[in-house]
Amino acid sequence: MNINIDEKGATVLIEVREERLDAHNSSELKTQMLSLFDEGKNNIVIDLKDVRFVDSSGLGSLVSGFKNASARNGNLKLCGLQPQVKSMFELTRLHRVFEIFPDSEEALASFS
Amino acid sequence: MNINIDEKGATVLIEVREERLDAHNSSELKTQMLSLFDEGKNNIVIDLKDVRFVDSSGLGSLVSGFKNASARNGNLKLCGLQPQVKSMFELTRLHRVFEIFPDSEEALASFS
Amino acid sequence: MKDNLEVDIKVPNQTRYLSLIGKIGEDIARTLKRYQGDREELAYQINLVLTEATSNAILHAASDSENQLIHINIAIINQNLHIRVFDQGKGFDPKALPHPDFGDPKESGRGVYIIQSIMDKVNCSRVNGGHVLEMIKYLH
Amino acid sequence: MKDNLEVDIKVPNQTRYLSLIGKIGEDIARTLKRYQGDREELAYQINLVLTEATSNAILHAASDSENQLIHINIAIINQNLHIRVFDQGKGFDPKALPHPDFGDPKESGRGVYIIQSIMDKVNCSRVNGGHVLEMIKYLH
Ligand SMILES: Nc1ncnc2c1ncn2[C@@H]1O[C@H](COP(=O)(O)OP(=O)(O)O)[C@@H](O)[C@H]1O
Ligand SMILES: Nc1ncnc2c1ncn2[C@@H]1O[C@H](COP(=O)(O)OP(=O)(O)O)[C@@H](O)[C@H]1O
């Protein structure tokens with residue numbers, strides 16, 4: 001999976017550089033987040049701007065990250081959702097669960 | 001077929017605004033050129049910059065236009081060939097038949 | 001009937017082929033002659049339904065053999081979209097599944113809900129020693 | 001064998017479906033697991049061969065019926081690409097066709113030449129009252 005992980009102060013920015021976040025690669029994203037949690041990094045922004053397609057497994061990996069971050073008193077926020085990806089969050093009501101920002105700058109700023 | 005026809009002095013610029021020039025739409029391009037010849041417009045530049053795919057019918061319509069223009073003491077020149085489209089001209093040796101330019105500006109300038 | 005079409009796909013039992021199957025679905029959506037709605041929205045929906053149903057077949061109902069092929073059929077019949085995904089599993093009743101609990105979001109359990117939200121008919125039935133999930137969407 | 005796959009397509013006898021068939025070919029090229037060469041070049045080539053062979057079936061060998069479906073089969077078998085295009089025509093011998101005259105370019109007559117340049121084996125044979133053009137490309 002093509003992924004970019006960048007520490008921005010106390011927050012970690014994960015850029016998913018894939019066209020699809022689906023049952024084929026979502027477990028890799030989960031694993032990446034778990035190793036961040038292991039290192040005590042519990043504030044995460046996931047930038048989905050390159051992602052054109054998300055399925056229920058992709059959503060599941062984000063929910064997993066969100067729950068793990070919250071359980072550790074951190075947070076997981078999203079940004080860069082393309083319109084059709086956004087619709088997926090609405091269909092599954094997950095837009096009420098995640099804080100969603102237009103871009104990574106705003107998402108990162110919200111942590112400070 | 002999505003096509004743009006623009007008179008630039010004594011030369012006509014045809015922009016093919018389609019991803020494919022193939023057996024489905026090439027006869028339309030031929031018809032368009034025939035009506036230009038009927039109006040006495042025999043110097044033509046065809047800009048293929050939007051065209052990602054050409055098949056043998058697409059090539060055939062360009063050969064038809066070239067022969068008609070030449071028979072009327074005009075010329076038909078090409079520009080904006082994407083690399084894979086260019087390979088098609090090489091495979092069929094048509095790169096030796098047509099004058100091919102990088103862009104429409106250079107192709108139009110070559111007429112004056 | 002005019003404008004009917006059918007694409008039948010057999011690929012290895014592996015998630016790396018989900019993207020191929022989804023893309024074929026998108027290509028079909030973009031080719032539909034008489035569809036009045038938003039084609040790009042339909043393309044995403046067909047991609048999604050194919051991805052969900054096929055990954056369920058791989059995850060919940062694959063045969064043991066690594067070389068077993070997954071079988072998917074996509075057809076336009078009388079302006080309706082028919083998607084069938086065949087598997088070697090024990091089948092399940094889509095209508096009996098609980099809706100996801102929106103108040104307490106879980107990691108899994110959204111696939112069939114998504115399929116049912118998009119398609120007009122969803123039905124699982126026995127066929128040659130396995131099952132087929134049959135999904136229909138009316139396009140007119 | 002591992003990584004075999006098969007896509008079988010039936011579409012109306014109309015050139016507007018050429019782009020769908022070509023795109024499915026491109027999608028397959030981009031999914032191939034072990035291909036070492038340039039995938040985008042292969043994608044164009046498969047798109048082209050499918051387009052040429054299918055438009056020939058539509059133009060030279062279609063049945064009279066407007067509702068007749070065109071039948072195309074694309075398969076990866078033991079890392080070879082097999083493309084078969086079925087038609088209702090009288091068949092022809094690809095090897096007997098003259099090469100295009102490069103010195104005196106004509107409007108038509110490049111389709112089969114292009115197919116033969118790209119594919120390693122090209123063969124036309126009788127099948128159920130019509131013919132099939134069978135084309136193979138070795139991918140390894
Ligand atoms: N093809 C199938 N064969 C057997 N059971 C299935 C199949 N597809 C889905 N199921 C059952 O339906 C349940 C719900 O599926 P789904 O909504 O996709 O969520 P998830 O796959 O995340 O559990 C699965 O957990 C499984 O028990
Ligand atoms: N499917 C087919 N059935 C019968 N004849 C065919 C078929 N495909 C090609 N041919 C014959 O081969 C000739 C050469 O085809 P091709 O190289 O594609 O050029 P074009 O189609 O431009 O004539 C055709 O003119 C036709 O006579």
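The values are calculated or read from the model by the stated rules, or taken from the named source; none is laboratory data. For clarity, every value in this text was computed on a predicted model and none was experimentally measured. So basically every Cβ, Gly included, is an ideal-geometry build from the backbone, and we count neighbours across all protein chains shown.
When region A:11-40 is filtered for residues that are part of a loop (DSSP other than H, G, I, E, B), of a type in the set (D, E, K, R) and within 14 Å of the chain's Cα centre (by Cα), the ones remaining, listed by number, are A:R17, A:E18, A:D22. Can you find a residue that is within 14 Å of chain A (Cβ to nearest Cβ) and either within 16 Å of ligand 2 (Cβ to nearest atom) or surrounded by fewer than 18 Cβ atoms within 10 Å (Cβ to Cβ) (or both) anywhere in region C:60-83? Within region C:60-83 (the criterion being within 14 Å of chain A (Cβ to nearest Cβ) and either within 16 Å of ligand 2 (Cβ to nearest atom) or surrounded by fewer than 18 Cβ atoms within 10 Å (Cβ to Cβ) (or both)), the answer is yes, since at least one residue qualifies. Residue check: D:F86 meets all listed conditions (1) assigned to a loop (DSSP other than H, G, I, E, B); (2) in contact with a His (Cβ under 9 Å, 6 or more places away or on another chain) but one, namely (1).
Quick one: would you say D:G103 is touching a Ser or Thr at 6+ places or on another chain (Cβ under 6 Å) and either of a type outside the set (A, V, I, L, M) or within 14 Å of chain B (Cβ to nearest Cβ) (or both)? So D:G103 does not fit the description; no. Of the candidates D:D27, D:D120, D:D104, D:D87, the single residue that is more than 14 Å from ligand 2 (Cβ to nearest atom) and modelled with pLDDT under 95 is D:D104.
Restricted to region B:38-84, and to residues that are of a type in the set (D, E) and in contact (Cβ under 8 Å) with a residue 24 or more places away in the chain, which residue is nearest to the other protein chains (Cβ to nearest Cβ)?
B:D55
Count of region D:89-108 residues, restricted to those that are in contact (Cβ under 8 Å) with a residue 12 or more places away in the chain and surrounded by 13 or more Cβ atoms within 10 Å (Cβ to Cβ), is 6. Starting from region D:1-12, keep only residues that are closer than 17 Å to D:I58 by Cα, then list their pairs with residues that are of a type outside the set (V, I, T) and surrounded by 20 or more Cβ atoms within 10 Å (Cβ to Cβ) whose Cβ atoms are within a distance under 6 Å, requiring at least 6 positions of separation or different chains. These pairs meet every condition: D:V11/C:L5; D:V11/D:Y17. Scanning region B:71-85 for residues that are in a helix (DSSP H, G or I) and under 15 Å from B:G60 (Cα atoms) turns up just one, B:V85. Can you tell me which residue is surrounded by the most Cβ atoms within 10 Å (Cβ to Cβ) among those in region C:1-28 that are more than 11 Å from chain A (Cβ to nearest Cβ) and charged (D, E, K, R)? Across region C:1-28, the extreme among qualifying residues is C:D27. Would you say C:T31 is within 16 Å of ligand 1 (Cβ to nearest atom) and either within 14 Å of chain A (Cβ to nearest Cβ) or over 21 Å from C:V122 (Cα atoms) (or both)? When the stated conditions are applied, C:T31 does not pass them. Taking the condition crowded, with 20+ Cβ neighbours inside 10 Å, within 11 Å of chain B (Cβ to nearest Cβ), farther than 19 Å from C:A29 by Cβ and more than 15 Å from ligand 2 (Cβ to nearest atom), does D:A53 pass? Answer is no for this residue.
Going by the conditions given, is B:N25 closer than 18 Å to B:V97 by Cβ, surrounded by fewer than 23 Cβ atoms within 10 Å (Cβ to Cβ) and either at pLDDT 95 or above or away from ligand 2 (no atom under 15 Å from the Cβ) (or both)?
Values: closer than 18 Å to B:V97 by Cβ: no; surrounded by fewer than 23 Cβ atoms within 10 Å (Cβ to Cβ): yes; either at pLDDT 95 or above or away from ligand 2 (no atom under 15 Å from the Cβ) (or both): yes.
For B:N25, the condition - closer than 18 Å to B:V97 by Cβ, surrounded by fewer than 23 Cβ atoms within 10 Å (Cβ to Cβ) and either at pLDDT 95 or above or away from ligand 2 (no atom under 15 Å from the Cβ) (or both) - is not met.
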